[in-house]
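What follows is calculated from the coordinates using simple rules that are stated; it is not laboratory data. On a predicted model such as this, the values are computed, not experimentally measured, just so you know. When we count neighbours, we look across all protein chains shown, and the Cβ atoms used for this are built from the backbone with ideal geometry, even at glycine.
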Ligand SMILES: Cc1cc2nc3c(=O)[nH]c(=O)nc-3n(C[C@H](O)[C@H](O)[C@H](O)COP(=O)(O)OP(=O)(O)OC[C@H]3O[C@@H](n4cnc5c(N)ncnc54)[C@H](O)[C@@H]3O)c2cc1C
């Protein structure tokens, strides 16, 4: 496996060691899938070798290799869909949340268990709350030193086999808490808690031997000591955990992409059609080139995101961007690899088929592509807020067309209704199809908010301006046809490029 120059020697060594270990246990995993049994012996070996503790800090019995170490492990183990996914489940079921939000006592109690390979599960989704995770209805009511939990959760990976469950419940219905996303609380629920049962096991595409099910919580008492953070911190903990989960899912997909390449190339080198190996056909070479392009970029994006995690940066945008890019790339690579392998590609006798199936599942689990894009839109636009300001442009006197202005222009003083209308009319010459934002207007005019509103409303009454309002008040304005006429004579707005001859103007 290629390593990245910023990896530590320890991380590089881990990658080599894991590559060899994965090769050794993959035959056993392939056999287990045909029997629909989970290869527990492989997972026990994984735990015994300490790989489950790769991202657990050293003081809690792990090897402290951070998110980068976690991604190295996940990439290699996801060459085997079963153990790989259980490994991811183990890490997302509380590891990051406990490191970031747990008390010292909780870290000492749970982190060594994770390092030793105890299985965990992440428990968010409910029958009536999927993408809209803030709408979860499972209740948590405090009674003395415990909370009593009631509700159902579904689609939970490792249902019935996990020992530790990172569960999010609603502890407040107060509209003020809901508005501030302070209505959810995070708990660690242990297997065996009274009233805590598995209701049903799902059959899921690509999950031949992986348990995924519905959990039922019927008056389940959970000690306050198992509450992560404070009451109301649940949303914050959930979103931080989801960012980590999405980074690990990205690592999962590069494990699959690597396997697609490892299968498609040797296959095409050995399949002869029209008297030559199919790898010599340009159509197949282009597809293989695309597999390499996607794998290279997906690995780069994944390990860059992991590196930023380890530096302690906010990776909200990066983890979501990488998940979308990697999952969609993996789906396309699975399509291409199956195509290169022809009919054999769609049989379970080669691994491409199962990767093709599980690649689709990742468009949904851990947050859908649409959910990730919503985060990217919101956080990405905020991240680039300064760069996304509209550049001010003015009409160049000689050219008669809009040109950008460098630096600030003097703001118009002694503002009155006429000057506001002139500004809107001038903006029509520069941006004929756009409204002006408040920011645009106050960049041109030296006027306070209340007076600007009064002038705009007066213009609106005369039908000289059209206004767009939000809950906060007037946010956009433009001149109407009558407003443009009132501001300047028709001639003022006319402009023709030099090649338009006078006989063609009227
Ligand atoms: C295999 C698998 C494993 C899973 N593992 C776990 C687990 O271990 N723990 C856990 O808690 N959950 C788990 N999930 C649940 C998973 O997180 C949810 O399925 C996912 O968040 C989507 O919720 P939903 O299925 O209810 O779809 P819905 O929310 O009903 O969405 C249906 C469609 O509408 C789109 N949509 C919804 N709202 C919007 C919007 N505002 N804008 C645009 N599009 C929107 C969605 O993107 C989707 O395409 C798993 C799911 C699967 C399939």
Among 7-17, 248-258, the order from most to least packed when residues are scored by Cβ within 10 Å on average: 248-258, 7-17
Contact order normalised by length for the chain, with contacts defined as Cα pairs under 8 Å and 6 or more residues apart; what percent is it? 10
Expressed as an acute angle from 0 to 90° and rounded to the nearest 10, what is the orientation of the C-alpha long axis of helix 417-430 relative to the principal long axis of the chain? 60
On a 0 to 90° scale, report how tilted helix 449-461 is relative to the longest principal axis of the chain, with both axes built from alpha carbons and the result rounded to the nearest 10. 70
For residue 463, placing the label point 7 angstrom along Cα-to-beta-carbon and taking segment 399-439, residues whose amide nitrogen sits under 20 Å are 418, 421-422, 424-425
Pulled fully out, how much extra length does the chain show between residue 280 and residue 503, if you take 0.36 nm times their separation in residues and subtract their Cα-Cα distance? 74.1 nm
Using eta = 0.692 mPa s and T = 37 °C, Stokes-Einstein with Kirkwood Rh from Cα pairs puts D for the chain, in µm² s⁻¹, at 124
Using just the Cα positions, wrap segment 1-118 in a convex hull and report its mean projected area in square nanometres, one decimal place. 7.1
For segment 393-504, what Kirkwood radius comes out of the mean inverse Cα-Cα distance, in Å? 15.0
Taking the C-alpha atoms of segment 119-232, convex hull volume expressed per residue in Å³: 100
Find how much the distance from residue 12 to residue 103 grows on full extension, using 0.36 nm per residue of separation minus their present alpha carbon separation; answer in nm with one decimal. 29.6 nm
Residue separation between residue 272 and residue 490 times 0.36 nm, minus their alpha-carbon distance, gives in nm 71.1 nm
Expressed as a rounded percentage, what relative contact order does segment 1-105 have, with Cα pairs under 8 Å and six or more residues apart? 25
I need the peptides 412-423, 30-41 ranked by packing, meaning the mean over residues of other C-beta atoms within 10 angstrom, with the highest value on top. 412-423, 30-41
Can you tell me the mean projection area, over all orientations, of the convex hull of segment 382-429's alpha carbons? Units nm², please. 4.7
Using a Förster distance of 35 Å, how high is the FRET efficiency between residue 448 and residue 179, based on the Cβ-Cβ distance and rounded to 0.05? 0.75
Based on other C-beta atoms within 10 Å, arrange 60, 468 from fewest to most. 468, 60
Evaluate the Kirkwood expression for the hydrodynamic radius of segment 16-78, namely the inverse of the mean inverse distance over all pairs of different C-alpha atoms, and round to one decimal in Å. 12.4
Report D for segment 329-372 in µm² per second (integer): Stokes-Einstein, Kirkwood Rh on Cα pairs, 4 °C, 1.567 mPa s. 120
Virtual spin-label span in nm between residue 30 and residue 368, 7 Å along Cα→Cβ: 3.6
So how far, in whole Å, is the C-alpha centre of segment 447-477 from the one of segment 368-400? 23
Ordered by packing density, taken as the mean number of other Cβ atoms within 10 Å over each peptide's residues, highest first, how do 266-273, 155-162, 364-371 rank? 155-162, 364-371, 266-273
What is the Å³ per residue value for the convex hull set by the Cα atoms of segment 426-478? 80
At residue 397 and residue 314, where each label point lies 7 Å from the Cα along Cα→Cβ, what is the point-to-point distance in nanometres? 4.5
Helix 66-77 versus the longest principal axis of the chain: what is the Cα-based angle in degrees, 0 to 90, to the nearest 10? 60
Kirkwood-based Rg to Rh ratio, segment 238-383, C-alpha trace: 1.06
FRET E, pair residue 143, residue 116, Förster distance 22 Å, beta-carbon r, rounded to 0.05: 0.10
Rounded to the nearest 0.05, what FRET efficiency do residue 48 and residue 218 give with R0 = 41 Å and r taken as the Cβ-Cβ distance? Could you check? 0.70
If you find the alpha carbon centre of segment 258-292 and of segment 236-253, how far apart are they in angstrom? 33
